[in-house]
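Visitor: Input: one structure, supplied below.
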Amino acid sequence: MRRPFVRIVSIVAAIVCIVAVASCSKAEPKQAKGVEINMFQLKVEIKDAIDGYAAAYSAAHPGVTVKVETLGGGGDYGGALKAKSQAGQMPDIFVIEGLGGYNIWKDYIADLSGEPWVKDTDLAMKVDGKIVGFPVAIEGYGLAYNADILAKAGIDPAALTTRAAYEKALAKLDSMKKELGITAPVSMAASVAGGMWWVAAQHNLACYWGGGLAFDDTSVIDKALKGELDEARFTQYAKYLQLLFKYADQNILLNGSYDDQVGAFAQGKTAFLHQGNWVDPNLKQLGVTFTIGYAPHAFLDTEQKGLYLFAPSWYCVNSKSPNADAAKAFLTAMATTPEGHDYMVNKAGMIPAFKSVTLKPAGQLSQALMAANAKGGNYGVFFGMLPDGAGQNVFGPIFDLFAQNQKDLPRFISDMKKAVADLPKM
Amino acid sequence: MRRHRLVSILFVAPCVFAFAMNILIPFGFGLYYSMTDWNGVNPDINFVGFDNFAGLFSSPDFIYSFLITVAYTAINIVLVNAVSFGLSLIVTGRIRGRNFLRAGFFIPYLIGGIVLGYIWQFIFNNALVAVGKSLSIAALQTSFLSRPGSVIWIMAVVNTWQYAGYIMLIYVAAIQGIPASLMEAAEVDGANYPTRIFKILMPMMANAFTISLFLTLTTSFKQFDMNLTLTNGGPATRFMDTPIKASQLLAMNIFSTATANRMAEAQAKAVVLFVALVVVALLQVAANKKKEVEL
């Protein structure tokens, strides 16, 4: 009696295994009617907003359903997208963050040159004259300042347009620390340990790549990609960085996390913060009431007045998807309709990269950026052109080491020269 | 007999199947990808032979990661086993609250490495620094995690705190397996406590040392989660005249190579880690086995 039972159980077990595996590899059956657009994006902070917009769009367009999946909590988006493509579930709209991403996914990226929103923006992703990416938003940065502290110290932020002016202002703030109630003039982070390499080795270094040049002038980084560092220009930049490091809160600089860095500024413990407009929600959450503005990162001996503006990521349309046209229409609606503008500005709290948008964002830093964008004379941000991993694995440790040994400027310059010389091999 | 055989095969089949799908096949793919230029997506994969491996041993960050992984493993083996052996002697001795102590020492092991890394990061970066400032102790005012020379020692200490309780349990089980009559006989013969530990206890529990050393060796060599959250590879230091990350162990080096879309290169590094681990572990087990005694 027992043996047949055992046999049946084991056969059933084997069948279950095989069926389970076989069903994994089978594609899900397509819905009979209507188009389903699958979007996969990585900005957790806009999840609710984009879900709401997608639902409204689906309701307004019978036969079209937009489904948005958001990768949460700083997960590895590139890895997740790779997993999806390997599983044959490549989304119709996905996100890339620069040329590195483009090179990986170029087989899947549709040409968007003919889209109506292209004329309305400076920040679409362009490769070889073709438009390939829809700019998700404008982000940007300068050196954020606490206007109240600067006023108390008698410093006019509008005068901070050269390195010499910064040197004087920072020295003055440093000497008045007790009266102003600050622990250090600048809240800056550079540590590999705190995961903050990107503030120094990506965003600050971007000043060297693009500062003081025309918005789309990539000559400095083009040279670097061929292995050449402009030493005269870089020395000026390095002196500016040295200045920021010198007057930064050292514990935050060497160990601090994002929360430490932003928190110190929000509590009025520093006069300056080296961060972009994405800290607006954090500042609001921390109950900031003082006036904030952006001063330019003026590292050159000559005057610099612009801020650094960029699109941090782009939406791409999957060219291999049968729903590519519907996906394009969805993006076009986002860029050109009042509902789309309302979603981007009021719901998602982003600064749209489209000039025809007239709505104003809520955050102080975002407003400063939008004003700068309207005024013009800003600088481009080109770190996305660097090979993958160059910022995190190569420049990050160099900047961290310079933060530890701030007096050794020649060493920092020679380290960077060597690292840039190796870029073509990466 | 043939029916029995069929049943055996069917019984083993699910396990073999799972093992093949999860271990054998991915391992084969891994070996293959390590000899290609695959970036994780690109469908046309070119075979490049041992190019990925050739570059590894001239890149300072990899050599450094390899060396500190070996150093970290050595520190860890000594520290974890010394501490856990000490703890096991305490909790098998005649003290009060033995069971409570056993549970207490074991609890850190139940906290995940990720959480534990963040907790200790807070202790080192904030709590100790604050204590140093308020008591004006200069040594505490800069975080222990920002000292490139000693950061792997700090990691070993944290790892010991987590792992010693687990290894302690293995030692406790071994000590309890030794007949009490042996220890009593030695005591009657006039052997003092250290002599009894070194001459009777330790030889009798040699098999526990084999397994404990093996476990600490392999887990230290593959250390990743605590490394990521506690130090994130930082701070930076200089090695072979190149700035690199002072506490980036091999597993994390592989991870950051892979996340920079250098899948094939990362795979090659993983193969090197695998080979190194197998060689070291086999040597260790062979050496330890010689010392084991049968009762």
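The values are calculated or read from the model by the stated rules, or taken from the named source; none is laboratory data. Only a predicted model underlies this, so the values are computations on that prediction, with no experimental measurement involved. All Cβ positions, even for glycine, are placed from backbone atoms using ideal geometry, and neighbour counts span all protein chains on display. All accessible areas refer to the heavy atoms of the entire protein, side chains included, with ligands and DNA or RNA removed. Shrake-Rupley method; radii C 1.70, N 1.55, O 1.52, S 1.80 Å.
Visitor: From the list A:ALA124, A:ALA110, A:ALA83, A:ALA153, pick out the single residue that is under 29 Å from A:VAL186 (Cα atoms) and hydrophobic (A, V, I, L, M, F, W, C).
Guide: Going through A:ALA124, A:ALA110, A:ALA83, A:ALA153 in turn, just one is under 29 Å from A:VAL186 (Cα atoms) and hydrophobic (A, V, I, L, M, F, W, C): A:ALA153.
Visitor: Tally up the residues in the range B:25-37 that are within 14 Å of chain A (Cβ to nearest Cβ) and in contact with a Phe, Trp or Tyr (Cβ under 7 Å, 6 or more places away or on another chain), please.
Guide: Here the count works out to 0.
Visitor: Within the range B:1-67, considering only helices (runs of 4 or more DSSP H) that don't extend past its boundaries, which have at least 2 residues that are on the phi > 0 side of the Ramachandran plot and under 25 Å from the mean Cα position of the chain (by Cα)? Break it down into steps so the answer makes sense when it comes.
Guide: Values: elements: B:2-19, B:25-33, B:51-56.
Where helices (runs of 4 or more DSSP H) fall fully within the range B:1-67, none carries at least 2 residues being on the phi > 0 side of the Ramachandran plot and under 25 Å from the mean Cα position of the chain (by Cα).
Visitor: Where residues in the range A:28-48 are open to solvent by less than 30 Å² (accessible area, probe 1.4 Å) and at pLDDT below 90, which of them is nearest to the chain's Cα centre (by Cα)?
Guide: A:LYS43
Visitor: Of all residues in the range A:88-101, how many are assigned to a helix (DSSP H, G or I) and open to solvent by less than 30 Å² (accessible area, probe 1.4 Å)?
Guide: Here the count works out to 2.
Visitor: I need the full set of residues from the range A:410-420 which are facing chain B (nearest Cβ under 10 Å) and open to solvent by less than 70 Å² (accessible area, probe 1.4 Å), in order please.
Guide: A:PHE412, A:SER414, A:ASP415, A:MET416, A:ALA419
Residue-wise test of (1) in contact with a helix residue (DSSP H, G or I) (Cβ under 8 Å, 6 or more places away or on another chain); (2) hydroxyl-bearing (Ser, Thr, Tyr).
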position: A:ASP148; (1), (2): no, no
position: A:ALA151; (1), (2): no, no
position: A:ALA159; (1), (2): yes, no
position: A:ALA165; (1), (2): yes, no
position: A:SER187; (1), (2): yes, yes
position: A:ALA190; (1), (2): yes, no
position: A:ALA193; (1), (2): yes, no
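Visitor: How many of the residues making up the range A:370-394 are at the interface with chain B (Cβ under 9 Å from one of its Cβ atoms) and either acidic (Asp, Glu) or under 20 Å from A:TYR240 (Cβ atoms) (or both)?
Guide: Qualifying residue count for the region: 1.
Visitor: Right, another one. Take the residues in the range A:106-117 that are in a helix (DSSP H, G or I) and at pLDDT below 90, then tell me which one is most open to solvent (accessible area, probe 1.4 Å).
Guide: Applying the filter and picking the extreme gives A:LYS106.
Visitor: Taking only the range B:126-147 into account, find how many residues are under 29 Å from the mean Cα position of the chain (by Cα), without any contact (Cβ under 8 Å) to a residue 40 or more places away in the chain and part of a loop (DSSP other than H, G, I, E, B).
Guide: Within the range B:126-147, residues that are under 29 Å from the mean Cα position of the chain (by Cα), without any contact (Cβ under 8 Å) to a residue 40 or more places away in the chain and part of a loop (DSSP other than H, G, I, E, B) number 2.
Visitor: While we're here: Cβ-Cβ distance below 9 Å, separation of 6 or more or different chains: which pairs start in the range A:232-254 with a residue that is within 14 Å of chain B (Cβ to nearest Cβ) and under 27 Å from A:LYS269 (Cβ atoms) and end on one that is open to solvent by less than 30 Å² (accessible area, probe 1.4 Å) and among the acidic types (Asp, Glu)?
Guide: A:LEU254/A:ASP400
Visitor: Can you list residue pairs whose Cβ atoms sit under 8 Å apart, with the first residue in the range A:74-97 being among the hydroxyl-bearing types (Ser, Thr, Tyr) and at pLDDT below 90 and the second being open to solvent by 30 Å² or more (accessible area, probe 1.4 Å) and assigned to a helix (DSSP H, G or I)? Count only pairs 6 or more apart in sequence or on different chains.
Guide: Pairs that qualify, where the first residue is among the hydroxyl-bearing types (Ser, Thr, Tyr) and at pLDDT below 90 and the partner is open to solvent by 30 Å² or more (accessible area, probe 1.4 Å) and assigned to a helix (DSSP H, G or I), are A:SER85/A:TYR108.
Visitor: Filter the range A:395-409 down to residues that are of a type in the set (S, T, N, Q) and either open to solvent by 40 Å² or more (accessible area, probe 1.4 Å) or at positive phi (or both) and give me whichever is farthest from the other protein chains (Cβ to nearest Cβ).
Guide: A:ASN405
Visitor: Which of the residues that make up the range A:60-99 are among the hydroxyl-bearing types (Ser, Thr, Tyr) and within 14 Å of another protein chain (Cβ to nearest Cβ)? Outline the logic, then answer.
Guide: Filtering the range A:60-99 down to residues among the hydroxyl-bearing types (Ser, Thr, Tyr) leaves A:65, A:70, A:77, A:85.
Across the range A:60-99, the qualifying residues are A:TYR77, A:SER85.
Visitor: Next question. Going through A:ASP400, A:ASP408 one at a time, which residue ends up being over 23 Å from A:TYR141 (Cα atoms) and assigned by TED's automatic domain parsing to the domain that holds A:THR161?
Guide: A:ASP408
Visitor: Residues B:GLY49, B:GLY40: which one is over 22 Å from B:SER220 (Cβ atoms), open to solvent by less than 40 Å² (accessible area, probe 1.4 Å) and within 14 Å of chain A (Cβ to nearest Cβ)?
Guide: Residue meeting the stated conditions: B:GLY40.
Visitor: Ok, one more. How about the range A:330-426: which helices (runs of 4 or more DSSP H) wholly inside it have at least 3 residues that are touching a Ser or Thr at 6+ places or on another chain (Cβ under 9 Å)?
Guide: Details: elements: A:338-342, A:364-375, A:396-404, A:409-421.
Answer list for the range A:330-426: A:396-404, A:409-421.
Visitor: Same structure again: Residue check: is B:SER58 of a type in the set (Ser, Thr, Tyr), within 14 Å of another protein chain (Cβ to nearest Cβ) and loosely packed, with under 14 Cβ neighbours inside 10 Å?
Guide: For B:SER58, the condition - of a type in the set (Ser, Thr, Tyr), within 14 Å of another protein chain (Cβ to nearest Cβ) and loosely packed, with under 14 Cβ neighbours inside 10 Å - is met.
Visitor: Sort out for me the helices (runs of 4 or more DSSP H) sitting completely within the range B:169-255 that have 3 or more residues that are free of Cβ contacts under 8 Å to residues at least 40 places away in the same chain and surrounded by fewer than 17 Cβ atoms within 10 Å (Cβ to Cβ).
Guide: Output list reads B:180-188.
Visitor: Let me ask something else about it. If B:LEU277 meets every condition in (1) at pLDDT below 90; (2) under 18 Å from the mean Cα position of the chain (by Cα) apart from one, which number is that one?
Guide: Every listed condition holds for B:LEU277 apart from (1).
Visitor: All but one of (1) hydrophobic (A, V, I, L, M, F, W, C); (2) within 10 Å of another protein chain (Cβ to nearest Cβ); (3) open to solvent by less than 10 Å² (accessible area, probe 1.4 Å) hold for A:LEU423; state the number of the condition that does not hold.
Guide: (2)
Visitor: While we're here: Would you call B:PHE11 within 9 Å of chain A (Cβ to nearest Cβ) and free of Cβ contacts under 8 Å to residues at least 40 places away in the same chain?
Guide: yes
Visitor: Among the candidates A:ASP107, A:ASP111, which residue alone is away from chain B (no Cβ under 12 Å), farther than 23 Å from A:ILE46 by Cβ and charged (D, E, K, R)?
Guide: A:ASP111
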